[in-house]
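Chemist: What follows is a structure written as structure tokens; I'll ask about it next.
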Amino acid sequence: MRLGRYAATLVCIAAFAGRAVAAEPVAIHVGWATTPSHIQPLVDELQKRHPELFRHFGKSYTAEGLRFAGSSPQIQGMAAGQLEIAAFSPSALALAVVNAHLDLRIVADCLQDGTDGHFSVPYVVRPDGPIKTIEDVKGKRVASNAVGSSNDAAMRVMLHRHGVQDGDFTTVQTNFSNMPAMIDEDKVDLIPVMPEFNRPLVESGKYRVLFTQADAVGPAQTVLWAIAADFIKAHRPALVDFFEDHLRAVRWFLDPAHHDEAVTIAEAVTKQSRDNLDFVFTKQDIYRDPNGTPDVAAVQREIDEMVALGVVPQRVVVSPAYVDLSLIREAARRLAVQ
């Protein structure tokens with residue numbers, strides 16, 4: 001009898017332990033490359049300052065940003081299991097599918113270039129430098145945050161269109177923050193300019209815009225969020241909770257009533273001056289969809305153009321095989337009824 005009660009107690013303990021393990025929050029690591037364009041580091045800071053906005057954080061999930069040099073390095077991070085949500089350019093998504101054989105799903109918007117009259121990344125040169133036309137890039141030095149990133153891929157599309165192939169110029173990989181000094185010091189001849197550097201660099205009159213990302217690829221889904229299909233299957237409820245909180249945060253940042261505090265958060269995260277950050281979440285910033293909906297058609301257009309120009313080796317038809325918008329749509333539906 002005593003042995004039976006002991007066995008029953010062990011069964012209860014095991015069942016309780018099983019429930020405790022099951023209730024452990026799902027850890028979600030979100031890739032990002034540059035901020036405030038990539039919003040996740042700002043969301044991490046907002047969560048500390050306004051935890052009331054994140055109703056499911058610490059319960060069904062935890063989340064934090066994980067920095068990479070660009071989109072393409074996140075392919076390895078995803079393959080190695082270090083990353084649950086990757087911030088991919090369309091070209092990086094295609095390479096992840098074709099080269100790394102990852103079974104991924106486009107799940108949400110991250111940032112869009114040139115959409116709805118918002119900012120488009122300019123590629124600038126020195127007015128007195130050797131580049132006068134796009135064709136002049138042959139034989140010159142071009143800065144890139146990472147080969148295959150969204151800005152890098154758009155640049156190569158434009159260069160290929162003008163007869164400048166990848167082997168015709170030297171690519172110098174470096175952080176976006178290093179690029180202004182590098183073009184100042186004549187270490188490179190062409191750089192892309194993120195919105196946080198646009199005012200002090202382009203508006204100074206010291207540089208000339210050769211072309212913009214919108215000139216290269218039109219309004220674009222510059223960066224999308226992608227998740228492995230098996231992770232979605234295993235953790236769908238937690239992911240919907242995550243996206244509900246994420247959308248609430250995005251809408252908080254986009255609300256003009258919160259602009260001053262949003263700039264303060266960007267200042268704290270980036271350590272840049274407030275004057276250089278006043279553009280955030282305005283028309284001078286990149287576009288973020290308040291419902292988190294990615295422009296899947298734009299993703300396909302960009303992949304197709306890059307395949308035609310030889311930037312991406314093989315065409316990937318993204319919809320429906322590599323798209324799952326059910327998570328973000330359910331999150332938006334929840335917010336609509338709250």
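The values are calculated or read from the model by the stated rules, or taken from the named source; none is laboratory data. If you're wondering where the values come from, they're calculated on a predicted model, not measured in any experiment. A quick note on method: Cβ atoms are made from the backbone with ideal geometry, for glycine too, and the neighbour counts reach across all protein chains shown.
Chemist: When only residues in segment 288-307 that are within 15 Å of LEU93 (Cβ to Cβ) and not in a helix (DSSP H, G or I) count, which is nearest to the chain's Cα centre (by Cα)? Give the steps one after another, and end with the answer.
Modeler: Here is the first cut: in segment 288-307, the residues within 15 Å of LEU93 (Cβ to Cβ) are 294-307.
Right, trim to not in a helix (DSSP H, G or I) and you get 294-295.
Details: PRO294: 12, ASP295: 14 Å.
By that ranking, first place goes to PRO294.
Chemist: Sticking with this one: Quick one: in segment 82-97, which of the residues that are outside any helix (DSSP H, G or I) and more than 11 Å from the chain's Cα centre (by Cα) is modelled with the lowest pLDDT? Lay out the reasoning, then the answer.
Modeler: Of segment 82-97, the ones outside any helix (DSSP H, G or I) are 82-89.
Subset that is more than 11 Å from the chain's Cα centre (by Cα): 82-84.
Numbers: GLN82: 94, LEU83: 97, GLU84: 98.
Among those that are outside any helix (DSSP H, G or I) and more than 11 Å from the chain's Cα centre (by Cα), it is GLN82.
Chemist: Across segment 49-67, which residue is nearest to PRO237 (Cα to Cα) among those that are under 21 Å from the mean Cα position of the chain (by Cα) and without any contact (Cβ under 8 Å) to a residue 40 or more places away in the chain?
Modeler: Only one residue fits best here, namely THR62.
Chemist: Can you confirm whether segment 52-69 contains a residue that is at pLDDT 95 or above, part of a helix (DSSP H, G or I) and either more than 22 Å from PRO313 (Cβ to Cβ) or among the aromatic types (Phe, Trp, Tyr) (or both)?
Modeler: yes
Chemist: Same structure, new question: Give segment 85-105 a look and list any residue that's buried (at least 24 other Cβ atoms within 10 Å of the Cβ) and either of a type outside the set (A, V, I, L, M) or not assigned by TED's automatic domain parsing to the domain that holds ALA229 (or both), or say none.
Modeler: Once the filter is applied, which keeps residues that are buried (at least 24 other Cβ atoms within 10 Å of the Cβ) and either of a type outside the set (A, V, I, L, M) or not assigned by TED's automatic domain parsing to the domain that holds ALA229 (or both), segment 85-105 yields PHE88, SER89, PRO90, SER91.
Chemist: Additional query: What do you reckon, is LYS271 of a type in the set (Lys, Arg), in contact (Cβ under 8 Å) with a residue 60 or more places away in the chain and in the same structural domain as ILE227 (by TED's automatic domain parsing)?
Modeler: Details: of a type in the set (Lys, Arg): yes; in contact (Cβ under 8 Å) with a residue 60 or more places away in the chain: no; in the same structural domain as ILE227 (by TED's automatic domain parsing): yes.
Answer is no for this residue.
Chemist: ALA336: without any contact (Cβ under 8 Å) to a residue 12 or more places away in the chain, assigned to a helix (DSSP H, G or I) and either among the aliphatic types (A, V, I, L, M) or assigned by TED's automatic domain parsing to the domain that holds GLN165 (or both), yes or no?
Modeler: On the way: without any contact (Cβ under 8 Å) to a residue 12 or more places away in the chain: yes; assigned to a helix (DSSP H, G or I): yes; either among the aliphatic types (A, V, I, L, M) or assigned by TED's automatic domain parsing to the domain that holds GLN165 (or both): yes.
Criteria met by ALA336.
Chemist: I would also like to ask the following. From LEU201, LEU224, grab the single residue that is in a strand (DSSP E or B), on the phi < 0 side of the Ramachandran plot and either surrounded by fewer than 19 Cβ atoms within 10 Å (Cβ to Cβ) or of a type outside the set (S, T, N, Q) (or both). Talk me through it step by step, then tell me what you get.
Modeler: Working: LEU201 fails: in a strand (DSSP E or B).
Result: LEU224 is the single residue among LEU201, LEU224 that is in a strand (DSSP E or B), on the phi < 0 side of the Ramachandran plot and either surrounded by fewer than 19 Cβ atoms within 10 Å (Cβ to Cβ) or of a type outside the set (S, T, N, Q) (or both).
Chemist: Would you confirm whether or not segment 273-287 contains a residue that is among the small types (Gly, Ala, Ser) and either within 23 Å of HIS246 (Cβ to Cβ) or outside any loop (DSSP other than H, G, I, E, B) (or both)? Spell out how you get there, then give the answer.
Modeler: Quick first cut of segment 273-287, residues among the small types (Gly, Ala, Ser) only: 273.
Filter again for either within 23 Å of HIS246 (Cβ to Cβ) or outside any loop (DSSP other than H, G, I, E, B) (or both), leaving none.
Within segment 273-287, none of the residues are among the small types (Gly, Ala, Ser) and either within 23 Å of HIS246 (Cβ to Cβ) or outside any loop (DSSP other than H, G, I, E, B) (or both).
Chemist: Could you count how many residues in segment 287-317 are touching a helix residue (DSSP H, G or I) at 6+ places or on another chain (Cβ under 7 Å), modelled with pLDDT under 95 and either in the same structural domain as GLN165 (by TED's automatic domain parsing) or among the aliphatic types (A, V, I, L, M) (or both)?
Modeler: 5
Chemist: Looking for something in contact with an Asp or Glu (Cβ under 7 Å, 6 or more places away or on another chain) and in contact (Cβ under 8 Å) with a residue 12 or more places away in the chain - is there at least one such residue anywhere in segment 185-202?
Modeler: Of the residues in segment 185-202, the ones in contact with an Asp or Glu (Cβ under 7 Å, 6 or more places away or on another chain) are 195.
Next, only the ones that are in contact (Cβ under 8 Å) with a residue 12 or more places away in the chain stay: 195.
Checked against the condition, which is being in contact with an Asp or Glu (Cβ under 7 Å, 6 or more places away or on another chain) and in contact (Cβ under 8 Å) with a residue 12 or more places away in the chain, segment 185-202 yields at least one hit.
Chemist: Follow-up question, since we're still on this one. Limited to segment 308-333, what total is found for residues that are touching a residue at least 60 places away in the same chain (Cβ under 8 Å), hydrophobic (A, V, I, L, M, F, W, C) and part of a loop (DSSP other than H, G, I, E, B)?
Modeler: 6
Chemist: Name the pairs whose Cβ atoms lie under 7 Å apart, with the first residue in segment 227-241 and surrounded by 14 or more Cβ atoms within 10 Å (Cβ to Cβ) and modelled with pLDDT of 95 or more, the second acidic (Asp, Glu) and not in a helix (DSSP H, G or I), and 6 or more positions between them or separate chains?
Modeler: Every condition considered, the pairs that remain are ILE227/GLU84; ALA228/ASP103; ALA229/ASP103; PHE231/GLU84; ILE232/ASP324.
Chemist: Specify which of the listed residues (VAL164, VAL172) is of a type outside the set (Phe, Trp, Tyr), in contact with a helix residue (DSSP H, G or I) (Cβ under 6 Å, 6 or more places away or on another chain), more than 20 Å from ALA220 (Cα to Cα) and not in a helix (DSSP H, G or I). I'd like the intermediate steps shown before the answer.
Modeler: Numbers: VAL172 fails: in contact with a helix residue (DSSP H, G or I) (Cβ under 6 Å, 6 or more places away or on another chain).
One residue alone meets the criteria, VAL164.
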